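The values are calculated or read from the model by the stated rules, or taken from the named source; none is laboratory data. Owing to the predicted nature of the structure, the values given are computational and were not obtained by experimental measurement. Every residue, glycine among them, receives a Cβ derived from its backbone with ideal geometry; neighbour counts consider all protein chains shown.
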Amino acid sequence: MEKLANYIGGELLPPVSGQYLDNWEPARGIVYSQIPDSDERDVELAVTAAKSAFDKWSSMSPEARFLIFD
């Protein structure tokens, strides 16, 4: 079964707790993947990564940002 990850600082990371939640497909009533049961430690990692990227991202032109998402 697929285990999803948190995308933090350009990396796919498992939750710090190592815990996952079942992701249910409601039409068929089955679990089709597991999602991270993220907690405040994961949020802190994400906030730290966002703060470190803010200045560089803010100074990029719209064209340069577009190329990242294209």
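Okay, here's what the table says:
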read-out: Single residue of TRP24, TRP57 found to be touching a Lys or Arg at 6+ places or on another chain (Cβ under 9 Å) and free of Cβ contacts under 8 Å to residues at least 60 places away in the same chain; value: TRP57
read-out: Neighbours by Cβ (under 6 Å, 6+ apart or cross-chain): first from the range 1-15, part of a loop (DSSP other than H, G, I, E, B); second at pLDDT 95 or above and among the acidic types (Asp, Glu); value: PRO15/ASP37; PRO15/ASP42
read-out: Those residues of the range 10-29 which are in contact with a Phe, Trp or Tyr (Cβ under 7 Å, 6 or more places away or on another chain) and either closer than 28 Å to ILE68 by Cα or loosely packed, with under 11 Cβ neighbours inside 10 Å (or both), in sequence order; value: GLU25
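One line per residue, one yes/no per condition, for (1) at pLDDT below 95; (2) part of a strand (DSSP E or B); (3) hydrophobic (A, V, I, L, M, F, W, C):
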site: ASN23; (1), (2), (3): no, yes, no
site: ARG28; (1), (2), (3): no, no, no
site: LEU45; (1), (2), (3): no, no, yes
site: ALA50; (1), (2), (3): no, no, yes
site: SER58; (1), (2), (3): yes, no, no
